[in-house]
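Data first, discussion second: the structure below is written as structure tokens.
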Amino acid sequence: MSTLAARPSPTLASTWLRARTTTLLDALVVGWIFAGGMVITEPSPYELAFLAVLGVSMFAGFTLRRSTLGLLVLLASFVPFAIIAAFQVKFSSVPDALVYQAVTIFLFFTSYWVANYVADAPQARMRLIIGAYLATAVISAMLGTLGYLGVGHDLFTRYDRAKAFFNDPNVFGPFLILPAMYMLQRLLLAPPRRALWAALAYGVLLIGVFASFSRAAWGHIVISSAIVYVLIFVLEAHARQKVRMLLLAMSGLLLLLVAAAGVLSIPQFRSFIELRTQSQNYDTGESGRFGRQGYAFDLALQHPLGLGPLEFRNLRVKEEPHNTYVNVLHAYGWGGGFVFILFIGVTLWRSASFIARPGPNRLLLIPLVGVFVPLAGEAAIIDIDHWRHFFLVAGLIWGVTAAYRQVDKRFGLAPPVP
């Protein structure tokens, strides 16, 4: 046989390379999502892992969808405003401001990338992503809960509140909610054995959210659970499943009441819960959370190009406004703030318009909608423009809706309960 005949054809070689890089890409995506449970520094392992994902995706036949073009337009529109706003800082240094803007732009880009990744094979790739997310969330919830109970207290808690490998309990709590919603969906619809494991995972995540003692996270998981329950009951469940769901709801509420009574009977828990549910001194008054938001909005109207990131804390009120819709006007100027708010609004619109349509991937979308809607509301009382999972959830919504009626035939996958 001649040397030329022994060589594989360029077509076969490129096919082999693409198959191997696609497998490697999926593995790197799993690692990237898992790294989302470790956000202590900026850049975090999440950002570093994504760089590897992005590099390999260039050789893995990664395609960009026309249906996600709107997300790319939003990103491209946001960048110049964010850069201009970085040069408006007076108290911070311009390099520090540019780093802050770069993180936001980077996270915005992850939404666009993951939307296209999921749209190519929604069932298979959502399984990878949610599986990795569930693993890191369960581990984080267990570490945070153990820290609250005294094991690794200094490492896994802050202000006696669970945080695991996050900087802030107020980020740790909401981070756990997306996989909890997929587990709730499985609990409501899956066969008994799978439902039992889903109930266990949901319970672990619920305890983790409770141990964060974040009032916003408590409200978030309650509202998300209610949205997922109602959407499944109305849109997906059959008659027998609806009866099961009603029985589960009654049993769950009874169990929750018993657990609440047990927790409140412990003096340490009762005093801490009373403290967290009372009006806090940073919420009330002219310099409180809601008082300073009015001042922050007036200030935003006076600076069309923005103040620059993290400048507000150096002015009359020595703390952030804790309102994303105001903060983005400060950090990115009127233009960047409008684009960021439009990003949230368009994602909500896509969620609402697609969730009403039957499709093989609606079960993928329901938990995403159940999480993103409260996130959009939570943004009014906390700053979420650097929350990794916020951008991830938004990107997943765009990805699932971009391939809403697509079934992954090449993987032999029908649309099962996620």
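The values are calculated or read from the model by the stated rules, or taken from the named source; none is laboratory data. Because the structure is predicted, anything quoted here is derived from the model rather than measured. Here the Cβ positions follow ideal geometry from the backbone for every residue, glycine too, while neighbour counts run over all protein chains shown. These accessible areas exclude ligands, DNA and RNA; they are computed on the full protein's heavy atoms, side chains included. Shrake-Rupley method; radii C 1.70, N 1.55, O 1.52, S 1.80 Å.
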Reported set for region 26-40 where residues are surrounded by 18 or more Cβ atoms within 10 Å (Cβ to Cβ) and under 14 Å from the mean Cα position of the chain (by Cα) is Trp32, Ile33, Phe34, Ala35, Gly36, Gly37, Val39
In the set Ile130, Ile105, Ile139, Ile84, the lone residue that is buried (at least 21 other Cβ atoms within 10 Å of the Cβ) and assigned to a helix (DSSP H, G or I) is Ile130
Quick count over region 234-261, residues being touching a residue at least 24 places away in the same chain (Cβ under 8 Å) and in a helix (DSSP H, G or I), is 6
Exception for Lys163 within (1) closer than 23 Å to Ala216 by Cβ; (2) touching a residue at least 60 places away in the same chain (Cβ under 8 Å); (3) open to solvent by less than 60 Å² (accessible area, probe 1.4 Å) falls at (2)
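Can you say whether Val151 is β-branched (Val, Ile, Thr) and either assigned to a helix (DSSP H, G or I) or touching a residue at least 60 places away in the same chain (Cβ under 8 Å) (or both), as far as the supplied structure shows?
Criteria not met by Val151.
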* Would you call Arg357 touching a Lys or Arg at 6+ places or on another chain (Cβ under 9 Å), modelled with pLDDT of 90 or more and assigned to a loop (DSSP other than H, G, I, E, B)? -> yes
Only one of (1) among the aromatic types (Phe, Trp, Tyr); (2) in a helix (DSSP H, G or I); (3) open to solvent by 30 Å² or more (accessible area, probe 1.4 Å) does not apply to Phe91, and that is (2)
Of the residues in region 311-326, those that are open to solvent by 10 Å² or more (accessible area, probe 1.4 Å) and either closer than 18 Å to Leu107 by Cα or touching a Leu at 6+ places or on another chain (Cβ under 7 Å) (or both) number 1
Q) Is there a residue in region 110-118 that is at negative phi and open to solvent by 20 Å² or more (accessible area, probe 1.4 Å)? A) no
(1) modelled with pLDDT of 95 or more; (2) closer than 24 Å to Gly399 by Cβ; (3) open to solvent by less than 10 Å² (accessible area, probe 1.4 Å) all hold for Ala190 apart from (1)
Of those in region 196-252 that are in contact with a Lys or Arg (Cβ under 8 Å, 6 or more places away or on another chain) and under 30 Å from Asp383 (Cα atoms), the residue most open to solvent (accessible area, probe 1.4 Å) is Arg215
The number of residues in region 349-376 that are under 17 Å from Ala403 (Cα atoms), open to solvent by 20 Å² or more (accessible area, probe 1.4 Å) and either aromatic (Phe, Trp, Tyr) or within 17 Å of the chain's Cα centre (by Cα) (or both) is 3
Of the residues in region 73-101 that are of a type in the set (Phe, Trp, Tyr) and over 30 Å from Trp349 (Cβ atoms), the one that is modelled with the highest pLDDT is Phe87
Meets criteria (open to solvent by 20 Å² or more (accessible area, probe 1.4 Å) and touching a residue at least 60 places away in the same chain (Cβ under 8 Å)) for Val339
no
Residue match in region 54-72 (condition: open to solvent by 20 Å² or more (accessible area, probe 1.4 Å), farther than 28 Å from Asn361 by Cα and at pLDDT 90 or above): yes
